[in-house]
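Student: Take a look at the following structure, please.
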Amino acid sequence: TEDQQDPTSSRLWQLPRSEALILPHGRVVREFFDIGQSRSLPWKRRPGPAQTTWGAPKPGPHTPGTATWLPTGGYVTVAGRTVKGGMVYIGSRAPSGDGQSVEPGLIDPSLPVDWDHPDWAGQNIGYWPSYSKLSPGERAAFLTWLDGGMSAPDAPISYVFLFFYGLERRVLVDARLDASHPDVALAAWEIRRLLGIYGDNGSFRSYSTSFLNLIDGFSARAVPLSPSEWSRLPRSWEVPITVRVALGRYMEAGHPIPPDWALLFLRTHPEGYLRTPASRRPAEFDALFRLRYQRKYGEGMVVSPPKATVQAHYHPASAGLRNEVHVSFGELPDIAAIPGPITSLRELGGECTDSLDPYSRYLGRYPDRAGSIAAAALLPDELLGSHGGADVDTLRRWVTALVTPGPKLVPVDELAVRWAPGGPGKLAKADVV
């Protein structure tokens, strides 16, 4: 827990065996796997009476014009009720991060809260919500959502954004995007959790994924490199920062770009232009691309560093941070600024989709035949061993056993049964070919 007298210091506590480990928002380990279930994360009910949670830090005194960060696991008393959770700002009339208004995510304990008539719908909240402008009923609903673990799927997205505003300010203003700051990692963890619940909202998904992209990019500057699954990265008009930072590190060191990172660059580049087989049969395409990339480039493509360096831009969701954030990663070269690498990778990707096209078309027409020998017969040779399927493996073992002493004659009917197990026992012309 943070030392309230000296916010820059930290204390390490030994957890007694009889106690429970407190996670963000006061959630304990024994309830961790109950996330999303109503019995552990209440919604549309009043917060219970004031309770003292082991290890929960107490906020200091709040004076007008100041914003105190309530650490994770903390609690605050508002209008006679205790609200637990933390990761929010507490104070009164504190200026926003850009100094042009009152901090929109600031919880002001002096403002009235109508616990008896909470506004669960929040339909009258403006486009840029602010706690100070909420009605007493809306504040009651918002604080109940906070106290309940912020996991109610039917909560208004305005309440989610109010909490998100505080995370933006904490990371961008207080921590100044320092990846070593503990609250930066906590904020990223929390945003990913919220995305799993409220990611269907396009606006929240856009802002939160962009913000995570920025945070992850800074983390990637120093941590060991490990490529992410490309489907989990946001697709936009530019290559994700994490990919550009990672590839910049390879170029900076003069090292070859490994197959997985080359694939990630191609998959996330807006000019990748991959055809249907890459999306219809992604596993087969990815495997084929890696194999042919290694065959062409060996350990990997070596790219000469360009003069252009990696830059990041983020437009905060909070009305209290009106200006776009521009971030530089020092002298780290930006592979996305030069056309050569993506042109070469796009050509290789085109060769792979061409080779997969017959296989992709066949399964597009007969999706229930995935894993059949007839489908595997259309695979590129490199993938037959890894993606042929169980029927191919069975056929291979049978043939191998047959011809080990020498060539054998086999009745056509027996071959037909093994070619299409469970089929009509006949070979069509296409099967024969």
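The values are calculated or read from the model by the stated rules, or taken from the named source; none is laboratory data. The shown structure was predicted, so the numbers you read here are calculated from the model rather than taken from an experiment. FYI the Cβ positions are ideal-geometry reconstructions off the backbone, even for glycines, and counts take in every protein chain you see. Surface areas here come from the heavy atoms of the whole protein model, side chains and all, with no ligands, DNA or RNA. Shrake-Rupley method; radii C 1.70, N 1.55, O 1.52, S 1.80 Å.
Student: Of the numbered conditions (1) assigned to a loop (DSSP other than H, G, I, E, B); (2) of a type in the set (D, E, K, R); (3) crowded, with 19+ Cβ neighbours inside 10 Å, ARG267 fails exactly one; give the number of that condition.
Tutor: Here ARG267 clears every test but (1).
Student: Could you please give the count of residues in region 95-124 that are of a type in the set (A, V, I, L, M, F, W, C), under 20 Å from LYS84 (Cα atoms) and out of contact with any Gly (no Cβ under 6 Å at 6 or more places or on another chain)?
Tutor: Number satisfying all stated conditions: 5.
Student: Another question about this same structure. Would you please name the residue that is nearest to TYR250 (Cα to Cα), looking only at residues in region 355-382 that are among the charged types (D, E, K, R) and in contact (Cβ under 8 Å) with a residue 12 or more places away in the chain?
Tutor: It comes out as GLU382.
Student: Something else now. Where residues in region 165-184 are small (Gly, Ala, Ser) and free of Cβ contacts under 8 Å to residues at least 24 places away in the same chain, which of them is most open to solvent (accessible area, probe 1.4 Å)?
Tutor: SER180
Student: For region 254-264, which positions are open to solvent by less than 60 Å² (accessible area, probe 1.4 Å) and in a helix (DSSP H, G or I)?
Tutor: Within region 254-264, PRO259, TRP261, ALA262, LEU263, LEU264 qualify.
Student: Name every residue in region 370-386 that is under 33 Å from the mean Cα position of the chain (by Cα) and not in a loop (DSSP other than H, G, I, E, B), in order of residue number.
Tutor: Listed by number, the residues that qualify are GLU382, LEU383, LEU384, GLY385, SER386.
Student: When you scan region 143-164, do you find a residue that is open to solvent by 20 Å² or more (accessible area, probe 1.4 Å) and free of Cβ contacts under 8 Å to residues at least 24 places away in the same chain, even just one?
Tutor: No - not one qualifying residue is present in region 143-164.
Student: Tell me yes or no: at least one residue of region 345-362 is over 32 Å from the mean Cα position of the chain (by Cα) and more than 30 Å from ARG176 (Cα to Cα).
Tutor: Yes: one or more hits.
Student: Would you point out the residue of region 284-319, among those that are part of a loop (DSSP other than H, G, I, E, B) and of a type in the set (A, V, I, L, M, F, W, C), that is nearest to ILE191 (Cα to Cα)?
Tutor: Result: ALA317.
Student: Let me ask something else about it. Out of (1) buried (at least 16 other Cβ atoms within 10 Å of the Cβ); (2) in contact with a helix residue (DSSP H, G or I) (Cβ under 6 Å, 6 or more places away or on another chain), the odd one out for SER210 is which?
Tutor: (2)
Student: Residue check: is VAL113 more than 26 Å from GLY199 (Cβ to Cβ) and either open to solvent by 50 Å² or more (accessible area, probe 1.4 Å) or aliphatic (A, V, I, L, M) (or both)?
Tutor: Judged against the criteria, VAL113 is a match.
Student: For region 105-160, give me each residue that is of a type in the set (Asp, Glu) and touching a Pro at 6+ places or on another chain (Cβ under 7 Å).
Tutor: Once the filter is applied, which keeps residues that are of a type in the set (Asp, Glu) and touching a Pro at 6+ places or on another chain (Cβ under 7 Å), region 105-160 yields ASP114, ASP147.
Student: Scan region 337-351 and tell me whether some residue there is closer than 30 Å to VAL173 by Cα, at pLDDT 90 or above and assigned to a helix (DSSP H, G or I).
Tutor: yes
Student: In the set TRP128, TRP120, TRP115, which member is in a loop (DSSP other than H, G, I, E, B) and either on the phi > 0 side of the Ramachandran plot or out of contact with any helix residue (DSSP H, G or I) (no Cβ under 7 Å at 6 or more places or on another chain) (or both)?
Tutor: Answer to the selection: TRP128.
Student: Filter region 387-433 for residues that are open to solvent by 80 Å² or more (accessible area, probe 1.4 Å), in a helix (DSSP H, G or I) and under 30 Å from GLY350 (Cβ atoms) and give the result.
Tutor: ALA430
Student: Moving on. Could you list all residues from region 270-297 that are out of contact with any helix residue (DSSP H, G or I) (no Cβ under 7 Å at 6 or more places or on another chain) and either open to solvent by less than 40 Å² (accessible area, probe 1.4 Å) or within 15 Å of ASP357 (Cβ to Cβ) (or both)?
Tutor: Residues satisfying the conditions are SER279, PRO282.
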